[in-house]
Amino acid sequence: MIPPQPSTCTAGQSASGWPAWWLRRRWQAWLLLPLSGLFGALAALRRLAYRHGWRRAWRAPLPVIVVGNVTVGGTGKTPLVLAIAQHLSRSGWKPGIVSRGHGRKDMGPDPLQVEPDADPATTGDEPLLLRRFAACPVWVGRRRVAAAQALLRAHPEVDVLLSDDGLQHLALARDVELVVTDLRGPGNGWLLPAGPLREPWNRPRDATLGPVLRVTSPASLSLAAPGFVLHRKLGLVRQLATGERLSLDAFLLRHTGQALAAAAGIGHPEQFFGMLRMAGATLAITLALPDHHSFEVDPFRQLEAAALLITEKDALKCKSSFPSLDRLWAVELLLEVDPAFFPWLLARLPARPDHPHGFTPA
């Protein structure tokens, strides 16, 4: 297998990770606009089928919170799910999490419980990250309803369910819908394939969470739901071979004058690289890998750098046999959530039950 090479943006791409014509309405987008109309019509028909009962959604016997996005690619849903699960636990709730487990090698029909020592190739990288840091039950499955039912059968103590992604998975009824955005916003505002939207940008939702956009969206793309600001920042860095932890400032001081590299297999790698540069890192090389990259071989061994900074999500999949392991440092991603958000969310949940849900499948 040929290892990925340090990436550069071509004329058809941008640092956003999207085609350039998803950010501006260029001729390529106009050519694809009729297909976007067809995509939108089919999606609307599907929503209509659930709204009128032609297709039935399954309702869990406990509150369900769905965290998703309306654009293609990652916007930071998983860190928000983690923050919500941790806050609910501190507030006396017992959360459980379901996910499709994107990037799994075997997407079999049966739901799978995620254990802390699981292979990320089997569970998916984001569910494993949630299991380790949220310390609550996590199940994955191609069908989120089946995963939710399996979780509830195995964990009768769970009293609130979180779905990582799944905004478009209408078969699972939900009590709260949260849409996560990033600085790319709605792009050119058009549906796939002419634009990055999987659903209309101003679709109904309970709340929107994300950074303050640097540009004002057109009135047709305005959002009526409550908005809460998310700030993403970098925390400690961890050496993969030794487990040593340093502040980012201490790491940079130790490597003064040495060549540094950064790599990321996430939805928007340039966002990670930009945060490192803002923190004072001078990056000689950046390597943008596909989201949910498998790391079957060491993609860093040919990068000439004294140290390589990667995300915790990617660190889960790095093997102890990697030749580059002693140069790899995982960077912690911290999420600062608008202080008004958690009181708002808790107010939307019913009173916490005093007894297990006692779910049994029909």
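The values are calculated or read from the model by the stated rules, or taken from the named source; none is laboratory data. Quick caveat, the model's predicted, so the values are computed rather than measured. Positions of Cβ are backbone-derived with ideal geometry, glycine not excepted, and every protein chain shown enters the neighbour counts.
List of remarks:
- Screening Thr122 with (1) surrounded by fewer than 21 Cβ atoms within 10 Å (Cβ to Cβ); (2) touching a helix residue (DSSP H, G or I) at 6+ places or on another chain (Cβ under 7 Å); (3) among the β-branched types (Val, Ile, Thr) gives one miss only, at (2).
- Pairs, first at positive phi and in the same structural domain as Ala147 (by TED's automatic domain parsing) in the stretch 168-193, second buried (at least 20 other Cβ atoms within 10 Å of the Cβ) and among the hydroxyl-bearing types (Ser, Thr, Tyr), C-beta under 7 Å, six or more apart: Gly187/Thr71
- Residues that are surrounded by fewer than 15 Cβ atoms within 10 Å (Cβ to Cβ), in contact with a Pro (Cβ under 9 Å, 6 or more places away or on another chain) and over 30 Å from Gln149 (Cβ atoms) are absent from the stretch 38-49 altogether.
- Checking each residue in the stretch 272-296 for being part of a loop (DSSP other than H, G, I, E, B) and of a type in the set (S, T, N, Q) picks out Thr282, Ser294.
- Matching residues, the stretch 316-331, being assigned to a helix (DSSP H, G or I) and in contact with a Ser or Thr (Cβ under 9 Å, 6 or more places away or on another chain): Asp326
- In the stretch 90-98, the count of residues that are in contact with a Phe, Trp or Tyr (Cβ under 7 Å, 6 or more places away or on another chain), surrounded by fewer than 22 Cβ atoms within 10 Å (Cβ to Cβ) and farther than 13 Å from Val138 by Cβ is zero.
- Boolean, Phe295 is closer than 21 Å to Asp117 by Cβ, without any contact (Cβ under 8 Å) to a residue 60 or more places away in the chain, out of contact with any His (no Cβ under 7 Å at 6 or more places or on another chain) and not charged (D, E, K, R): yes
- If you filter the stretch 230-249 down to residues that are assigned to a strand (DSSP E or B) and exposed (fewer than 15 other Cβ atoms within 10 Å of the Cβ), you find that the one that is modelled with the highest pLDDT is Gly235.
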